[in-house]
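Written out below as structure tokens is the structure these notes cover.
The values are calculated or read from the model by the stated rules, or taken from the named source; none is laboratory data. Just so you know, these numbers come straight off a predicted model, no measurement behind them. Here the Cβ is made from the backbone with ideal geometry for all residues, glycine too, and neighbour counts use every protein chain on show. Heads up: the accessible areas ignore ligands, DNA and RNA and are worked out on the full protein's heavy atoms, side chains in. Shrake-Rupley method; radii C 1.70, N 1.55, O 1.52, S 1.80 Å.
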Amino acid sequence: MKTVSHWIGGKSVEGASGNWGPVTDPATGAVTTQVALASAEEVDTAVAAAKAAYTTWGTSSLAQRTSILFRYRALLDARRDDIAALITAEHGKVHSDALGEVARGLEIVELACGITTQLKGELSTQVSSRVDVAAIRQPLGVVAGITPFNFPAMVPMWMFPLAIACGNTFVLKPSEKDPSAAVLLAELAAEAGLPDGVLNVVHGDKVAVDSLLAHPDVAAVSFVGSTPIARYIHTTASANGKRVQALGGAKNHMLVLPDADLDAAADAAVSAAYGSAGERCMAISAVVAVGAIGDELVAKIRERAEKIVIGPGTDPASEMGPLITKAHRDKVASYVTGAAAQGADVVLDGTGHTVEGYEDGHWIGLSLLDKVSTDADAYRDEIFGPVLVVLRTETYEEGVALINSSPFGNGTAIFTRDGGAARRFQLEIEAGMVGVNVPIPVPVGYHSFGGWKDSLFGDHHIYGNDGVHFYTRGKVVTTRWPDPADAPTGVDLGFPRNH
């Protein structure tokens, strides 16, 4: 059986804890790999390697960093099919979707390649007689990233390329459910010339996570995952004096106004709700239909959903793959089987879906629940599967109030032909990312990604300008140089004069 080891100090390091985790092929349900689960001592080793590397990497030139990142970008581009294949094998998403994940991760590598502009700093001259003030940004030291199963390549690339471009060294703890892509990312970084210890990968469970959160040599922690864990990460790491950005869960709404193009809205709803089997924190999981359009919109969504081809991610004909684990599949199914008892109309029930020849896979079909109450479990919880709920409101104002009452505030979208309504929506809605006739408003790499309310814990969004600020700290330097022609002025114990 294949084993996945840690990557520490620029080389593969076999697990020493004696603990291993199973990695399954979601399409077959078979355990194909075992991954080493790190002990606290192994985490210490990875952090020590990163700390040692920081002594030189933290003072390395921007030219050195960017030249390595440019080579890294080229290697990632050349190996994107290999990375995508690992994602499909361990996560289950179809190959085209996995390729899209790699492409979105590459955006942040490209941003990191331009770090010279991001770190320019500021200078004010002659603020007082012969006094200049400069503002600069410097790296933090050793930083850590804890990433989720649903994007095993993209989310790590949202973190470590920018962190190391800023001069930090990095310890990555990827999901133990699909760990192989992270190791390949580290191997390619070494091939690009990244010095040993600058990027380390340790696999593990709560033991590894807690060790990183408490480690005195880790200055900052980035996290993407569910809201309960994000809250725990933020609370624990902050209590240990660390800077934290912890991105949590979501219940992303799509508000459809009566004037919207319903065909475009239905296309968008199906793509955004069921893509990657709904295992996206930016998936649209709740459609809010305003006015009399609800029945027609639901019919159009159903018509499209019934045509989606479900199968193994290695089959080019497949449009949606299985869920990551059997336990997760069963949990997702429970929201559908219990929906009618909580007042919903079950328009589509995908819980009985199987794929011929892959009967042991973690399969579930597309489910569509209409006229869902805001008290229903299927609405309140982040399901993280291919289940779309539809709610009805009479007015735009009711729809906005419904969305804003959600404890989540990750992303949202409005579908309308009315520019005034769209402008009003983007100002009134309480969410960190807003789409106007765009169902999944994930920002491009040079804008930052992050939500509001229970979707984000911490002060910084991820990547973009916020990412640069998160992985650096500011310093202001005030200088006065005497003119060579001046005589010494003597000692002055008074407060520095600005005028």
> Out of SER226, SER222, which single residue is within 29 Å of ARG79 (Cβ to Cβ) and within 19 Å of the chain's Cα centre (by Cα)?
Replying inline: SER222
>> Please go through the stretch 431-477 and give me each residue that is in contact (Cβ under 8 Å) with a residue 60 or more places away in the chain, among the charged types (D, E, K, R) and farther than 26 Å from GLY114 by Cβ, ordered by number.
In response: ASP454
>> Can you pull out every residue in the stretch 299-339 that is of a type outside the set (S, T, N, Q), surrounded by fewer than 15 Cβ atoms within 10 Å (Cβ to Cβ) and in contact (Cβ under 8 Å) with a residue 12 or more places away in the chain?
In response: GLU303, GLU306, PRO316, GLY338
> Quick one: how many residues across the stretch 224-239 are open to solvent by less than 70 Å² (accessible area, probe 1.4 Å) and out of contact with any strand residue (DSSP E or B) (no Cβ under 6 Å at 6 or more places or on another chain)?
Replying inline: 4
> Does GLU191 count as open to solvent by 10 Å² or more (accessible area, probe 1.4 Å) and more than 19 Å from ASN150 (Cβ to Cβ)?
Replying inline: yes
> Taking the stretch 55-94 only, how many residues are open to solvent by 60 Å² or more (accessible area, probe 1.4 Å) and in contact with a Pro (Cβ under 8 Å, 6 or more places away or on another chain)?
Replying inline: 1
>> Residue pairs, Cβ under 6 Å, 6 or more apart or interchain, first in the stretch 21-42 and farther than 16 Å from GLY321 by Cβ and open to solvent by less than 20 Å² (accessible area, probe 1.4 Å), second of a type in the set (Lys, Arg) and at pLDDT below 95. List them.
In response: THR33/LYS2
> Which residues, taken from the stretch 439-467, are in contact with a His (Cβ under 7 Å, 6 or more places away or on another chain) and not charged (D, E, K, R)?
Replying inline: SER448, PHE449, GLY450, PHE457, GLY458, HIS460, GLY464
>> Cβ-Cβ under 7 Å, sequence separation 6+ or interchain: first residue in the stretch 393-418 and part of a helix (DSSP H, G or I) and surrounded by fewer than 21 Cβ atoms within 10 Å (Cβ to Cβ), partner among the aliphatic types (A, V, I, L, M) and modelled with pLDDT of 95 or more. Which pairs?
In response: LEU402/VAL288; LEU402/LEU391; ASN404/ILE429
>> Restricting to the stretch 260-269, name every residue that is open to solvent by less than 50 Å² (accessible area, probe 1.4 Å) and either touching a helix residue (DSSP H, G or I) at 6+ places or on another chain (Cβ under 9 Å) or farther than 13 Å from ILE301 by Cβ (or both).
In response: ALA260, LEU262, ALA265, ALA266, ALA269
>> Exactly one condition in (1) under 30 Å from ILE310 (Cβ atoms); (2) open to solvent by 50 Å² or more (accessible area, probe 1.4 Å) is false for ALA48; which is it?
In response: (1)
> Is there a residue in the stretch 125-137 that is surrounded by 21 or more Cβ atoms within 10 Å (Cβ to Cβ), over 30 Å from ALA485 (Cα atoms) and not aromatic (Phe, Trp, Tyr)?
Replying inline: no
> Can you tell me which of LEU297, LEU262 is in contact with a Phe, Trp or Tyr (Cβ under 9 Å, 6 or more places away or on another chain), under 23 Å from VAL387 (Cα atoms) and of a type in the set (A, V, I, L, M)?
Replying inline: LEU262
> Is there a residue in the stretch 202-214 that is among the β-branched types (Val, Ile, Thr), under 17 Å from TYR471 (Cα atoms) and either modelled with pLDDT of 95 or more or open to solvent by less than 10 Å² (accessible area, probe 1.4 Å) (or both)?
Replying inline: no
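Okay, residues lined up against (1) in a loop (DSSP other than H, G, I, E, B); (2) touching a residue at least 60 places away in the same chain (Cβ under 8 Å); (3) acidic (Asp, Glu); (4) within 19 Å of GLU187 (Cα to Cα):
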| residue | (1), (2), (3), (4) |
| --- | --- |
| ILE68 | no, yes, no, yes |
| LEU75 | no, yes, no, yes |
| ASP81 | no, no, yes, yes |
| ALA89 | no, yes, no, yes |
| THR117 | no, no, no, no |
| LYS120 | yes, no, no, no |
| GLN126 | no, no, no, no |
| ASP132 | no, yes, yes, no |
| ILE136 | no, yes, no, no |
> In the stretch 462-472, is there at least one residue being part of a strand (DSSP E or B), within 30 Å of THR169 (Cβ to Cβ) and open to solvent by less than 50 Å² (accessible area, probe 1.4 Å)?
Replying inline: yes
